[in-house]
Amino acid sequence: MRDAPDSREQEQETLVYNKKIEGYLAIALSSLVNFANITDVSVASVANISLKDDKLVAFFGIVSFLICFLVISFDRIAFLHKKIDFKELWDGKLEGYMLLFLMVWWIVGVGLSTKANGIGYVALNTYFSSWFSLIMSVYTLDQWTSAKDIISIHELTHLSVTLKYWYMLFIVSLIEVGSAVDVLVVLARGSFTTDGISAYAVLVGAVSAPLAFIAILAHYKLICCNLKSGGVTELLVAISLFLWWIIAVSLLTEANAIAATIQGTQAACGSDEQSFPGNNLYLALWLGLYSSAKICLEWKAAKARHMSDAMHKISGDDSEVGKRPEANDDVD
């Protein structure tokens with residue numbers, strides 16, 4: 001009578017569950033929140049947004065939720081797990097392709113949901129759930145690539161203490177310039193005039209992105225320049241970008257400016273003030289300032305690490321030189 005329960009326990013112990021289940025659960029929940037908010041906005045017809053566009057964007061949440069729900073079900077329900085171990089299909093490659101699909105899927109979803117005057121600004125749950133789904137998709141994909149020993153964010157950024165913040169600044173700068181152009185296009189279609197400050201928003205990311213990209217290439221020694229980790233040039237560029245982003249944040253996020261709020265500003269009737277649509281500029285500007293500040297703060301640690309690596313290299317060369325006479329003596 002005792003053998004049957006023992007065999008069942010041993011069979012259950014052999015089940016190896018997916019270690020990325022928290023990522024799938026987070027994507028599923030945020031996708032469900034995203035879908036629920038968009039469909040609610042569609043029914044309410046808030047802010048005169050096209051119902052057709054609402055239905056299109058709602059697909060991103062429901063498709064993502066169903067995919068993650070199936071993965072969780074096949075992993076945590078013992079009967080289904082025994083039938084199909086999803087994480088082992090095609091030697092685990094199917095899971096990687098699916099995570100890559102989710103990442104690209106949410107890149108497009110975020111672009112449509114958070115475009116200037118998009119549906120993401122009607123309800124901020126839609127806005128933040130879209131971004132959270134994308135971030136968690138990237139995070140879960142990074143876990144898979146790390147487990148398969150392909151590549152990971154850590155491997156890309158471990159060369160320097162400041163490298164991950166250069167990556168962050170580069171990505172944020174692209175988002176900022178893209179969002180600024182999108183806002184100006186929306187304003188132009190509405191026959192609104194744009195002042196110099198609004199046009200300056202495009203210049204902020206356009207200047208920052210190339211410098212960050214050059215710094216990234218310099219860390220990998222793909223280009224020859226003085227912008228190396230822990231160097232004086234890196235510090236000067238980082239300080240210049242920090243001041244550049246401080247000016248941008250102060251000018252573009254002030255009252256009635258293009259990035260005063262996430263959801264945009266609505267001018268009162270009869271007022272000379274200009275209305276601006278909701279956009280990604282507010283968060284992009286602050287994240288750009290944060291990443292440039294972190295580069296400045298971590299520069300000293302990068303310099304110390306660079307000097308330590310140089311000292312180890314010198315000591316290694318000295319030890320090799322010291323071993324050569326011994327080797328020659330043995331030969332004699």
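Numbers at a glance
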read-out: Any hit, segment 99-112, residues being under 29 Å from His219 (Cα atoms), free of Cβ contacts under 8 Å to residues at least 12 places away in the same chain and open to solvent by 30 Å² or more (accessible area, probe 1.4 Å); value: yes
read-out: Among (1) more than 19 Å from the chain's Cα centre (by Cα); (2) surrounded by fewer than 22 Cβ atoms within 10 Å (Cβ to Cβ) - the single one Gly118 does not satisfy; value: (2)
read-out: Residue list for segment 127-182, restricted to those being of a type in the set (S, T, N, Q) and surrounded by fewer than 19 Cβ atoms within 10 Å (Cβ to Cβ); value: Gln143, Thr145, Ser146, Ser152, Thr157
read-out: In segment 67-88, the residues that are surrounded by fewer than 14 Cβ atoms within 10 Å (Cβ to Cβ) and assigned to a helix (DSSP H, G or I); value: Ser73, Ala78, Phe79, Lys82, Lys83, Glu88
read-out: Selected residue [open to solvent by less than 40 Å² (accessible area, probe 1.4 Å) and either at pLDDT 90 or above or more than 16 Å from Thr114 (Cα to Cα) (or both)] from Ile27, Ile38; value: Ile27
read-out: Selected residue (criterion: modelled with the lowest pLDDT) from residues of segment 210-243 that are under 23 Å from the mean Cα position of the chain (by Cα) and open to solvent by 60 Å² or more (accessible area, probe 1.4 Å); value: Tyr220
read-out: Test: residue in segment 188-200 that is among the charged types (D, E, K, R) and modelled with pLDDT of 85 or more; value: no
read-out: Of residues in segment 1-24 being open to solvent by less than 80 Å² (accessible area, probe 1.4 Å) and at pLDDT 55 or above, the one farthest from Leu66 (Cα to Cα); value: Leu15
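The values are calculated or read from the model by the stated rules, or taken from the named source; none is laboratory data. The structure presented is a predicted model; accordingly, all values stated were derived computationally and were not measured. Cβ: placed from backbone, ideal geometry, glycine included. Neighbour counts: every protein chain shown. To get the accessible areas, we keep the full protein, side chains included, count just its heavy atoms, and leave off ligands, DNA and RNA. Shrake-Rupley method; radii C 1.70, N 1.55, O 1.52, S 1.80 Å.
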